[in-house]
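These notes concern the structure reproduced below.
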Amino acid sequence: MAVNTLLVKAYAINIYLYGNRTFATIPTEYHEPVKQYAAQTFTQEQIYNALVNGWITQQEYDETMAYKTA
């Protein structure tokens, strides 16, 4: 299945900024593109806040930050 870039953006915003979704609630093929988008678009503080608020797991945080430093 092709990944829709508008959905990538929407999923990232809803996971990292609002906590309305989790990675468990989105299709698997969107996991990595959403993490890449978040790393490129959101600040380290925004990503960390998602972790602190429980919207992403430590593993998801680490994977997202790996894209930020790549």
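The values are calculated or read from the model by the stated rules, or taken from the named source; none is laboratory data. Everything numeric in this text was worked out from a predicted model, so none of it was measured. Quick reminder, even Gly has a Cβ in these numbers, built from the backbone with ideal geometry, and neighbours come from all protein chains shown. Only protein heavy atoms, including side chains, enter the accessible area calculation; ligands, DNA and RNA are left aside. Shrake-Rupley method; radii C 1.70, N 1.55, O 1.52, S 1.80 Å.
Collect the residues in the stretch 37-52 that are in a helix (DSSP H, G or I), under 14 Å from residue 13 (Cβ atoms) and polar (S, T, N, Q), keeping them in residue-number order.
Result: 40, 41, 46, 49.
Across the stretch 1-23, what is the total count of residues that are polar (S, T, N, Q) and touching a Lys or Arg at 6+ places or on another chain (Cβ under 9 Å)?
Here the count works out to 1.
Tell me which residues, restricted to the stretch 52-70, are closer than 17 Å to residue 36 by Cβ and either among the aliphatic types (A, V, I, L, M) or in contact with a helix residue (DSSP H, G or I) (Cβ under 7 Å, 6 or more places away or on another chain) (or both).
Of everything in the stretch 52-70, those that are closer than 17 Å to residue 36 by Cβ and either among the aliphatic types (A, V, I, L, M) or in contact with a helix residue (DSSP H, G or I) (Cβ under 7 Å, 6 or more places away or on another chain) (or both) turn out to be 56, 60, 61, 63, 64, 65, 66, 67, 68, 70.
Do the conditions hold for residue 45, that is, is it open to solvent by less than 60 Å² (accessible area, probe 1.4 Å) and modelled with pLDDT of 95 or more?
Judged against the criteria, residue 45 is not a match.
Do we find a residue being part of a helix (DSSP H, G or I), touching a helix residue (DSSP H, G or I) at 6+ places or on another chain (Cβ under 6 Å), among the basic types (Lys, Arg) and under 22 Å from residue 3 (Cβ atoms) anywhere in the stretch 19-27?
No, the stretch 19-27 contains no residue that is part of a helix (DSSP H, G or I), touching a helix residue (DSSP H, G or I) at 6+ places or on another chain (Cβ under 6 Å), among the basic types (Lys, Arg) and under 22 Å from residue 3 (Cβ atoms).
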